[in-house]
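Only the coordinates and a few stated rules stand behind these numbers; no lab work does. Remember, predicted model here, so these are calculated numbers, not experimental data. Positions of Cβ are generated from backbone atoms using ideal geometry, with glycine treated the same way; all protein chains shown enter the neighbour counts.
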Amino acid sequence: MEKYQRFQQFLSEELDSIRTAGLYKEERIIVSPQSVAIGLASGKETLNFCANNYLGLSDNPGLIDAAIQAMKNRGYGMSSVRFICGTQDLHKQLEEVIARFFGTEDTILYAACFDANGGVFEPLLSEEDAIISDALNHASIIDGVRLCKAVRYRYANANMEDLEEQLKAAQKQRFRLIVTDGVFSMDGNVAPLDKIAELARKYDAMVMVDESHSAGVVGKTGRGTTEQFNLRGKVEIITGTLGKAFGGAIGGFTTGRKEIIAMLRQRSRPYLFSNSIPPSVAGAGIYTFNYLENSSALVEKLHENTAYFVEKMKNAGFDIKPTQSAICAVMLYDAKLSQDMASRLQEEGIYVTGFYYPVVPKGQARIRVQLSAAHNREQLDKCIAAFTKTGKELGVLK
Ligand SMILES: *Cc1c(COP(=O)(O)O)cnc(C)c1O
């Protein structure tokens, strides 16, 4: 025990300083399936407005049945990585339906999008090459870039003048890859993929977009930013997650040019050295993409819900960040206010989260609302009413 004491002391002090800064993350225990109306361990029921359950598929009976059937027919787990003895027909089928959905040539599955992003750069690029990355890209992209020897360039969020400057500087390198999130999770803004693609052509760069928050959400039929900007099949690399709109369980993928995917199957470390996704997840995934191939009803419902919510909140007098996704940032600017308002909303039965520095820039505190196709009108109205009531109480609204 002796040897642990100093480290224990060190950790306790660090943890205390996290608490003192008000940044300590607590887990809130849910005792129901993930859904719009969720049961909390306290016995309370609350309306969920902070899940990535964009299409409401997390507790969808069709997905659950598909998962059960796959588990019955193909077992519980694979006990192997893909290339040794961990590939079933279900994995190949899921890769195929994902490629069809995005209009790409081939797909490779991962245990999570964190792994897809962690394993995409290092096998493809080396010190002779350049990665040009948006400053607000997801942590997993940042980590993936760190694992790769390519020269790094960074441009201000969605800032095309800055991207052009960085592309000019990167002309020294052999290959260039621009990488961006499709939707940025704090503001809900969409990456200007049309302009990015134009600059990529002008400066001879490839493009990678992480569609985690945009797939199933953005574009007329939810096929993401490449649909929105008419670039289906024109982007070299797309990464995404099965953990958000597509059922929300686990799993990620990289989809795109077939030679790129082929190389990832040879050299991508999270693919080579981590377990295959289980048959139940593959089976439910196939069901989901086949369903979305045939019906855009849920995507349309999500768009309708988001437009309704944003409009009503603006009319109520709230300051809403311009959004092109299912993320709606209600701007409060003050850190303490964002926390007070979120906890008042929780008392009112509305589950949302307040964000402040360092998660968002200083003085940009907000409550982030995430809409779902599963919210009905009554639930949206209840949320808006609760915002209005607490907003008046706390002096946000006059
Ligand atoms: C959520 C998210 C991820 C991580 O996805 P997981 O499958 O949960 O690992 C990666 N990139 C972006 C942009 C995300 O929003």
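For the reader, a short list of remarks on this structure follows.
- Flagged links, alpha-carbon separation over 24 Å, of Lys25/Lys149; Lys25/Lys362; Lys25/Lys392; Lys220/Lys312: Lys25/Lys149; Lys25/Lys392
- Viscosity 0.692 mPa s, temperature 37 °C, Stokes-Einstein D of the chain from Kirkwood C-alpha radius, µm²/s: 147
- A Förster distance of 35 Å, applied to the separation of the beta-carbon atoms of Arg19 and Ile68, puts the FRET efficiency at 0.25.
- Here the scattering of the range 135-203 is modelled by Debye summation over its C-alpha atoms, one equal scatterer each and no solvent; at q = 0.16 Å⁻¹ the log10 of I(q)/I(0) is -0.55.
- What you get for the range 173-307, charging only the Cβ of Lys and Arg (+1) and of Asp and Glu (-1), is a dipole of about 540 debye around the Cα centre.
- Virtual spin-label span in nm between Ile250 and Asn230, 7 Å along Cα→Cβ: 4.2
- The range 219-311: proportion of alpha-carbon pairs further apart than 23 angstrom, %: 36
- Global form of the range 96-251, assessed from the alpha-carbon gyration tensor, a/c cut-off 1.5: prolate
- Taken over the Cα atoms of the range 261-398, the convex hull encloses 177 Å³ per residue.
- Placing a pseudo-label 7 Å from each Cα along the Cα-to-Cβ vector at Ala37 and Gln9 gives an inter-label distance of 5.4 nm.
- This model, with +1 at the C-beta of Lys and Arg and -1 at the C-beta of Asp and Glu, gives the range 14-110 a dipole about its Cα centre of some 180 debye.
- Overall Cα dimensions of the range 1-69, principal axis frame, Å, largest first: 54, 29, 23
- Shown for the range 331-398 is the translational diffusion coefficient from the Stokes-Einstein equation, using the Kirkwood radius over Cα pairs, a temperature of 37 °C and a viscosity of 0.692 mPa s: 267 µm²/s.
- Look at the dipole of the range 182-228 built from charges on Cβ: of Ser212, Thr225, Met186, the Cα furthest out on the positive end belongs to Thr225.
- Value at 222 nm in deg cm²/dmol, rounded to 500, when DSSP H runs of n ≥ 4 in the chain each add -39,500 (n - 2.57): -13000 deg cm²/dmol
- Estimated FRET transfer efficiency when R0 is 45 angstrom, pair Glu128-Ala297 (beta carbons, to 0.05): 0.40
- Over the range 1-119, volume per residue of the alpha carbon convex hull, in Å³: 252
- Share, in percent, of DSSP beta bridges within the chain that are antiparallel, nearest 5: 55
- Kyte-Doolittle at least -0.5, axis length at least 15 Å by Cα - qualifying DSSP helices, the chain: 61-74, 89-102, 279-294, 297-316
- Here, the range 64-128 has an Rg and a Dmax of 14.5, 49 Å when only alpha carbons are counted.
- Peptides 170-178, 196-204, 76-84, 362-370 ranked from most to least packed by the mean count of surrounding Cβ atoms within 10 Å: 362-370, 170-178, 196-204, 76-84.
- A viscosity of 0.692 mPa s and a temperature of 37 °C, combined with the Kirkwood radius over C-alpha pairs in the Stokes-Einstein formula, give the range 288-341 a diffusion coefficient of 250 µm²/s.
- Of Val281, Val359, the sequence from fewest to most neighbouring Cβ atoms within 10 angstrom is Val359, Val281.
- Taken about its Cα centre, the range 253-395 carries a charge dipole of about 560 debye when Lys and Arg each add +1 at the Cβ and Asp and Glu each add -1 at the Cβ.
- Only one residue of Ser133, Phe114, Gly43 has its Cα farthest out toward the positive end of the dipole of the range 1-160, where Lys and Arg carry +1 and Asp and Glu -1 on Cβ, and that residue is Gly43.
- Built from the Cα atoms of the range 33-177, the convex hull projects on average onto 12.9 nm², one quarter of its surface area.
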